[in-house]
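Quick notes on the structure that follows.
Values quoted throughout were computed directly from the atomic coordinates according to the rules given, and no laboratory measurement underlies them. Owing to the predicted nature of the structure, the values given are computational and were not obtained by experimental measurement. Backbone-built Cβ (ideal geometry, glycine too); neighbour counts: all protein chains shown.
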C-alpha cells in the first residue's frame, strides 16, 4: 500500500519532467533555427506584397458561388496518352490533373497577384525578412486513408522530392537550408541568406506525400499504381492510356474550408484521351465530353458550327484574364553546333513572317509576343530605365550591345510581299558573318557544313504554321525539316535535349523567382529534365536571374525582370510566337457558373473547378440511370 502510494507522485514527476524536457528542446530548436531576434509575425495568409485580400474568417473566394452544388460528372479531353500516375518524377508520361488528389500547405487565390492562404497549414509564423517560416498544421487534415497529416510527412515530402523527384524541385527549392519538424503539427522551413522573399510562399505549394504509404515503395518508379493522397479527389476507374476518372472524396477533410467552398463540385471528373486534335473536336460536337479550351484560332473562327451551336446546346465563350502569357516560341537548342552563332539565330528569326501567318492562318486573332513576361508589368519596353541600367551596366562586357542602344521589337512585315525586307536584312547579317551560298545551300564559315536542322513537333496543327517558315528559310539557303512524333517521344526528347528546334511555352507568373534558375541559369543547362531547354550558359544571365531571386520589394522585382527580359530577347534564343489575353471556351449547356471569373487562373482556365452541374441535368441523369443528360447526345 505504502509503496504503491509512493510511486504515484514519482510517475507524475517523470511525466512532468518529460513534458518540460520536450518543451525545452522545442524552444531550443525553434530559437536555433529561426534567429528570433526579429519580430515574429503570424497569420492565416501571406502576401508577397501588401496585405491579403481575404481577412481571417472569410467564408470563400469571391469567384466562387455559395449556390454551387455537388454532383454529376465533368468530362474533359486530353491529347496523346499516359503511362504513369506518379506526377513527381521525370519518368513516364503523366496522367493529366494528378494534382487533384494532393493537398498542399497553402493555396493561392486566383484574384490576387501572389497571396497564399493556409490549407493543411492553418497558421503561419515568420519574421519580417521572411528568412524562415513555421507552418502550424490543421489537426483535421488527413490523407484518404484517414491517417493524420503530420509534420514528419512535410519533412519527408520535401527531402524525397529534392532527392528523387523531377529536377525542377531542386532548382525551385535550392535556397531552402533545412526543413525540420518541431512537433507533430509544427514544421519549420529555414532559408539560405541568398533566398528570394517569395520562397516563404512557394514552399507552401509543396505537394504533401504520405510517409507511411511510400515507406515500402520505390518513389522513383513510374507506374500505374493508384497513389494515396489527401486532396478533394482520388483516382477512380481508368483504362491505361485511354481514360482516367477522378472521384470526389465524400469525407474530404477540407470540404468546408474557406479555400475549398464552392470548388471541386463534380462527383466525377473524367479525362478521355485522343490521339488527334481534329478527332477530339468532333468528339466534343458529338457530346463525348463537355468542355474544351480552343487553342487554334482557325478552328475557333470556322469549326464551331452545326445544330448544337445554333440551338444553344453547345455554347462558346470568351473570358478575359490578366495572366502573364509568357513566351511561346520556336526555341533554338544552342547546345547544337548549328545554333552556336547568335547572328545566325537572328537571321533565322527574320525568316519567320508573323504578320502573314496571323492574317492568313489565324484570322488576325493574335498579338505578336515581344517579351518573356508578355501581358504583364514585368515586360520590358523602350530603352532601359535608370534603375535597369544600374543592374545592366556592370554586366556590359557580357551582354549584346543592343541591350543598351536599341529598342527591342520582333521583326515585322506588311504580310503581303513575301517577307522580302526581313529576308534582305537576314542575308546582310549572314554576309557580314561570312556565310556563303553554294549550290543553293548556306554554308557555315566555321564548320564548312551546310546549315540544316530539324523542327520537332507533336501537333499536326503546327505543320501549317511551320511549312511557310521553312519556305522562308529556303530562300536563305537554309534547309529545315519537320520531324513529327507522338507526345511520349516529344516529352522524352525534350527531357534529354534531343532536338534542334522545337515549339515550347515558357510560362511565367506575376512573381518570378527561383524557377528562373531552372529556365535560364547555367547550373540547369546540362541537367536532363530541366527547363533550360535552350542550353543557356551565360554569366550575365546567371547574375540577372539571381537579382530577381534576391529582390526585396515589388519595384526591385519588376526592374530585375525587365533587365532579364532584355538580355534574353537580345540573345536571340527563341523565335517569338503570339498570344491572346482571353480564354476561348466551348461547353455544353449543362453547367452553372459564378458571376465573377478569376483574374488569374493558371490551373483550370475560366475557373472551371468553380462550375457546377445544373439541377435539371442532375435530375435527368438520376431518372435515366446515366451520368450525362440526353441533351448532350444531340
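Just for the range 327-579, what percent of DSSP beta bridges are antiparallel, to the closest 5?
65
Give the order of 475, 396 when sorted by the count of other beta carbons within 10 angstrom, beginning with the fewest. Intermediate results must be reported in sequence, preceding the final value.
Numbers: 475 15, 396 12.
Arranged by neighbour count, lowest to highest, 475, 396 become 396, 475.
Tell me, 214, 253, 132 in order of fewest to most beta-carbon neighbours within 10 Å?
Working: 214 17, 253 22, 132 25.
Listing 214, 253, 132 from fewest to most nearby Cβ atoms yields 214, 253, 132.
Relative to the longest principal axis of the C-alpha atoms of the chain, give the angle of the C-alpha long axis of helix 463-474, reported between 0 and 90° and rounded to the nearest 10°.
That helix lies at roughly 40 degrees to the long axis.
Kirkwood Rh over Cα pairs of the range 327-579 into Stokes-Einstein at 25 °C, 0.890 mPa s: D in µm²/s?
Numbers: Rh = 18.9 Å.
For these conditions, the coefficient is 130 µm²/s.
Relative to the first principal axis of the alpha-carbon coordinates of the chain, what is the inclination of helix 420-432, with its axis defined by its Cα atoms, in degrees from 0 to 90 and to the nearest 10?
Relative to the chain, helix 420-432 is tipped by roughly 90 degrees.
Determine the relative contact order of the chain: mean sequence separation of Cα pairs under 8 Å and six or more apart, normalised by residue count, in whole percent.
Reported relative contact order: 20 percent.
How compact and how long is the range 83-192, expressed as Rg and Dmax of its alpha-carbon atoms in Å?
14.8, 45
By average Cβ neighbour count within 10 Å, what is the ranking of 220-230, 344-354, 364-374 from highest down?
Values: 220-230: 16.5, 344-354: 23.3, 364-374: 19.3.
The peptides rank, most packed first, as 344-354, 364-374, 220-230.
Once the Cα atoms of helix 151-164 and of the chain are each reduced to a long axis, what angle between those two axes, in degrees from 0 to 90 to the nearest 10, is obtained?
Once rounded, the angle reads 30 degrees.
Compute the distance from the alpha-carbon center of the range 518-547 to that of the range 180-244, in whole Å.
Going from one Cα centre to the other spans 26 Å.
So what is Rg over Rh here for the range 128-233, counting just Cα atoms and using Kirkwood for Rh? Could the numbers behind the result be given before it?
Values: Rg = 14.2 Å, Rh = 14.6 Å.
Rg divided by Rh gives 0.97.
Using only helices, what value at 222 nm comes out for the chain when you add -39,500 (n - 2.57) per DSSP H run of length 4 or more and divide by the total residues, to the nearest 500 deg cm²/dmol? Could the numbers behind the result be given before it?
Working: 19 runs with 186 residues, N = 634.
The per-residue figure over the chain is -8500 deg cm²/dmol.
Just want the ordering: 189, 404, 339, from fewest to most Cβ atoms lying within 10 Å of their own Cβ. Don't skip to the answer; put the middle values down first.
Numbers: 189 26, 404 16, 339 22.
Listed from fewest to most nearby Cβ atoms, that is 404, 339, 189.
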